[in-house]
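Data first, discussion second: the structure below is written as structure tokens.
The values are calculated or read from the model by the stated rules, or taken from the named source; none is laboratory data. Small disclaimer: the values here were computed from a predicted structure and weren't measured. As a convention, Cβ positions derive from the backbone with ideal geometry for all residues, glycine included, and neighbour counts pool all protein chains shown.
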Amino acid sequence: MYIVQVASECAPVIKAGGLGDVVYGLSRELETQGHCVEVILPKYDCMRYDHIWGLHEAYCDLIVPWYGTDIRCDVLCGWVHGQLCFFIEPKSWEMFFNRGCYYGCDDDPMRFAFFSKAAMEFLLRSNKRPDVIHCHDWQTGLIPVMLFEIYQYNGMEFQRVLYTIHNFKHQGFGGTEILQATGLNRPEHYFQPHRLRDNFNPFAINFMKGGITYANHVNTVSPYHAWEAQHTDQGFGLGHTLHANQHKFSGILNGIDYDVWNPEVDPYIPHHYSLTTFEDKALNQKELRDRLLLRQSDRPLVAFIGRLDDQKGVHLVHHAIYYALSRQAQFVLLGSATEKSINDWFWHEKLYLNDNPDVHLELGFNEELAHLIYAGADMIVVPSNFEPCGLTQMIGLRYGTVPIVRGVGGLVNTVFDWDYDTLHGPEERNGFVFFQQDTVALESAMNRAFDIWTQQPALFRRLAQQGMAYDFSWNHPGEEYIDLYEYIRHK
């Protein structure tokens with residue numbers, strides 16, 4: 001099959017979160033399984049050009065209809081760690097992607113509406129006719145709309161669209177100006193409640209709702225989160241739309257790149273280890289303590305790696321630090337805050353705990369240090385308020401670092417509680433799960449982990465090794481996506 005991925009991110013050249021990892025990891029897996037994959041991205045001024053090989057002009061003067069006139073674009077082509085990518089560069093005074101950032105501009109809906117329009121024009125004008133156009137998140141939600149309403153009548157009638165939602169919280173909103181700019185026009189048509197009109201604001205169109213309504217199939221990034229999005233507040237107002245389209249909605253669990261996350265060959269850790277040489281993991285823990293000036297200790301080391309924001313349960317992250325210290329455990333945090341108030345809060349904690357030899361807070365992100373923390377920690381805490389899939393717990397399992405997670409989204413599909421899981425036998429369990437959002441529930445799960453680590457070290461080691469034995473690579477998700485592509489091709 002010929003598949004084109006259209007997204008606002010692709011790691012490592014453009015990465016703001018897990019979306020970039022998914023686009024790259026899935027694309028590489030699909031090619032490994034024998035399919036042709038190309039990725040279409042915006043050409044940001046701030047992306048990592050050092051990760052692109054052979055960047056050159058692939059299509060000169062692409063004319064994109066916009067607001068009744070035209071914007072010219074260049075389309076550049078290069079290989080991102082072996083993956084063929086096309087980068088769209090508008091020649092416009094609006095400087096859509098020359099802002100020094102990926103997201104966060106007041107006109108983000110207009111910027112990505114233009115990107116979606118340009119991507120479709122590029123496919124049309126370059127005579128690319130993929131079997132499946134795979135779109136990701138709200139930034140590309142208008143592509144299924146434009147394909148169905150415009151481009152199928154211009155020679156793209158056989159293309160099918162899979163729309164993957166990674167985060168329901170961010171949906172993309174606009175007004176009639178978006179319809180006018182993209183050439184969709186006809187607000188009386190699109191502002192119908194069963195098309196693009198937002199479920200709560202009758203004066204706004206909703207990009208994500210458009211993607212759900214018009215795509216041939218829609219999925220999110222774990223089976224449990226698909227249920228949550230339909231039946232709980234995790235759909236962020238789109239539950240009714242998902243229910244109306246439940247015949248074409250499903251969940252596929254993300255994978256992680258085992259070429260990048262592999263303790264047997266990881267270039268960022270000083271001591272490699274595997275399931276059979278698990279004892280060498282302790283050597284990385286010693287190195288981690290030395291690097292972060294923690295005292296060498298015979299107590300468990302707990303970690304948190306990720307964004308410091310409400311989604312990640314930041315209040316429970318904060319509590320986990322002090323609860324671990326109260327149990328004579330050590331704690332390492334690596335993360336950056338998305339809001340000033342949270343950043344100020346954790347900088348205050350960092351300064352307050354600066355002389356404590358059992359804790360280290362690293363505020364920011366450091367790829368090399370992340371690998372060492374995964375390899376050196378005994379446990380990793382993931383107390384998310386919501387988590388569509390989550391990569392942290394899967395990486396922790398890969399490195400024999402036992403996850404302590406809240407039972408939401410993809411965390412439910414990957415972490416099976418040692419004491420209480422009824423669907424998996426003792427030989428399949430790999431971590432600790434709590435469900436409430438309060439500190440008592442978190443402490444209970446951490447307590448259970450600490451007690452086994454302290455009183456039954458052989459059992460804790462077995463638990464860690466059982467986690468390492470799981471396969472959360474892209475192999476299985478890749479097969480599921482291929483089956484889904486085949487299904488919508490022949491619908």
Study note, to complete from the structure: Pairs returned, first residue in the range 466-490 that is touching a residue at least 40 places away in the same chain (Cβ under 8 Å), second residue that is aromatic (Phe, Trp, Tyr), beta-carbon separation under 8 angstrom, 6 or more apart or interchain, are 468/278; 468/399; 473/258; 474/258
**Study point:** Filter pass, residue 321 being outside the structural domain of residue 396 (by TED's automatic domain parsing), aliphatic (A, V, I, L, M) and under 28 Å from the mean Cα position of the chain (by Cα)
**Key:** no
Exercise for review: Answer with yes or no whether residue 305 is surrounded by 17 or more Cβ atoms within 10 Å (Cβ to Cβ), under 16 Å from the mean Cα position of the chain (by Cα) and within 28 Å of residue 451 (Cα to Cα).
Suggested key: yes
Point to revise | residue 384 being assigned to a helix (DSSP H, G or I), in the same structural domain as residue 411 (by TED's automatic domain parsing), modelled with pLDDT of 95 or more and polar (S, T, N, Q) | key: no
Review point. Only one of 120, 110 is under 29 Å from the mean Cα position of the chain (by Cα), touching a residue at least 40 places away in the same chain (Cβ under 8 Å), surrounded by 13 or more Cβ atoms within 10 Å (Cβ to Cβ) and closer than 24 Å to residue 154 by Cβ; which?
Key: 110
Review point. Name the pairs: first residue in the range 345-373 and of a type in the set (Val, Ile, Thr), second residue buried (at least 19 other Cβ atoms within 10 Å of the Cβ) and part of a helix (DSSP H, G or I), Cβ to Cβ under 7 Å, at least 6 apart or on different chains?
Key: 359/321; 373/288
Practice item. Go through the range 155-214 and tell me which helices (runs of 4 or more DSSP H), entirely inside it, have 3 or more residues that are surrounded by 22 or more Cβ atoms within 10 Å (Cβ to Cβ). Key: 207-214
Review point. Within the group 89, 57, 94, which residue is out of contact with any strand residue (DSSP E or B) (no Cβ under 7 Å at 6 or more places or on another chain), over 20 Å from residue 152 (Cα atoms) and outside any helix (DSSP H, G or I)?
Key: 94
Point to revise | From the options 390, 410, 396, residue that is part of a loop (DSSP other than H, G, I, E, B) and buried (at least 23 other Cβ atoms within 10 Å of the Cβ) | key: 390
